[in-house]
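Enquirer: Here it is: the structure, laid out below.
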Amino acid sequence: RKNKKKNDFYKGLKGGQAENLKKKLELVEKAESLKDSEEWDEATEIFKKIQAEWKTIGHVPRKDSDKIWKRFKNACNQYFDRLHDKKSDVTQEQSKVIDAKKSMLDELKTFIASKDLSMDAVEEYRSNWRNLGRLPEKIRHLESKFNKQLDVAYKKLGLNKQETEFLKFKNLMDGYLSANNSRKLNNEQLFIRKRIDEITREIKQLENNISFISNASEDNPLVKNVYKNIENHKKELEIWKQKLTYLSQMDY
């Protein structure tokens, strides 16, 4: 009886392993059929699913185990190696954009150091930079280098804090636009609208506060302070409204 139980156990195990082998072979065939796929998004999703599924399938007969694992691993590796090459590959067109922008960055540095610096010329550089095209993701650091040089130019031109802040904002938004990053542009617009609402409420609150001050004459130091605060808030509000107008005019 003990032997019969033992034999039944091994039969069941072999039956289960045969079923596992069948399931794993189906995954191997699926991986091999997709290893040369150009439908990157769809194929990547499927590869991730079948890799996860492979881990959930139990043991297979020992004589088949290594052989099918190698086939599966090779198919997966071949696909993901191709995907990696595609992502890291910089096309000829992108190389031209990178070279042109590096050259313009050097040119701008030299120009800032010269005596011919003017706001119109800086704006022309800014416009030409955008027109050169979009940088690949891994070279995006050039964008921040260019923006830093613009900041140097604005400082040298003696722009006030408000003008500098708005121009920095424009550069950042133009960068998002050229990268087709509508998510960041939408988030920025939501944030600006929220700030406008907050500052508007703060101004109303400050104006209400004046009515509660006894002896609310204009020479009262407390009243003077509140009016100064209101004035500062109004200036800040104008900057945020200016930013919102600029974003609203963008086509994204």
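The values are calculated or read from the model by the stated rules, or taken from the named source; none is laboratory data. Note that the structure is predicted; figures quoted are calculated from it, not measured. All Cβ positions, even for glycine, are placed from backbone atoms using ideal geometry, and neighbour counts span all protein chains on display. Only protein heavy atoms, including side chains, enter the accessible area calculation; ligands, DNA and RNA are left aside. Shrake-Rupley method; radii C 1.70, N 1.55, O 1.52, S 1.80 Å.
Conditions tested, residue by residue: (1) out of contact with any Pro (no Cβ under 9 Å at 6 or more places or on another chain); (2) farther than 30 Å from SER127 by Cβ; (3) acidic (Asp, Glu).
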site: GLU26; (1), (2), (3): yes, yes, yes
site: GLU29; (1), (2), (3): yes, yes, yes
site: LYS49; (1), (2), (3): yes, yes, no
site: ASN77; (1), (2), (3): yes, yes, no
site: LYS86; (1), (2), (3): yes, yes, no
site: LYS102; (1), (2), (3): yes, no, no
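Enquirer: Any idea which of (1) surrounded by 14 or more Cβ atoms within 10 Å (Cβ to Cβ); (2) free of Cβ contacts under 8 Å to residues at least 12 places away in the same chain is the one ASN186 doesn't satisfy?
Expert: Condition not satisfied by ASN186: (1).
Enquirer: Only residues in the range 55-69 that are open to solvent by less than 100 Å² (accessible area, probe 1.4 Å) count as the first member; pair them with residues that are among the hydrophobic types (A, V, I, L, M, F, W, C) and in a helix (DSSP H, G or I), Cβ under 6 angstrom, at least 6 apart or cross-chain, and list the lot.
Expert: Close Cβ pairs satisfying both conditions: VAL60/LEU21; ASP64/LEU21; ILE68/VAL28.
Enquirer: Hey, can you tell me all the residues within the range 161-218 that are part of a helix (DSSP H, G or I) and among the β-branched types (Val, Ile, Thr)? If you could, list the steps in order and put the result at the bottom.
Expert: Here is the first cut: in the range 161-218, the ones part of a helix (DSSP H, G or I) are 161-178, 182-211.
Passing the criteria: THR164, ILE192, ILE196, ILE199, THR200, ILE203, ILE210.
Enquirer: May I pose another question? Of everything in the range 109-133, what is in a helix (DSSP H, G or I), free of Cβ contacts under 8 Å to residues at least 24 places away in the same chain, open to solvent by 50 Å² or more (accessible area, probe 1.4 Å) and more than 16 Å from MET173 (Cα to Cα)? Give them in sequence order.
Expert: THR110, ALA113, ASP120, GLU124
Enquirer: Something else about it: Any chance the range 81-99 includes a residue that's farther than 30 Å from LEU142 by Cα and either in a helix (DSSP H, G or I) or among the β-branched types (Val, Ile, Thr) (or both)? Spell out how you get there, then give the answer.
Expert: Restricting attention to the range 81-99, the residues satisfying the condition of being farther than 30 Å from LEU142 by Cα are none.
No - not one qualifying residue is present in the range 81-99.
Enquirer: TYR176 - would you say it is of a type in the set (Phe, Trp, Tyr) and over 26 Å from the mean Cα position of the chain (by Cα)?
Expert: Values: of a type in the set (Phe, Trp, Tyr): yes; over 26 Å from the mean Cα position of the chain (by Cα): no.
Judged against the criteria, TYR176 is not a match.
Enquirer: Among (1) over 30 Å from ALA121 (Cα atoms); (2) in contact (Cβ under 8 Å) with a residue 24 or more places away in the chain; (3) open to solvent by 90 Å² or more (accessible area, probe 1.4 Å), where does ILE196 come up short?
Expert: Of the numbered conditions (1) over 30 Å from ALA121 (Cα atoms); (2) in contact (Cβ under 8 Å) with a residue 24 or more places away in the chain; (3) open to solvent by 90 Å² or more (accessible area, probe 1.4 Å), the odd one out for ILE196 is (3).
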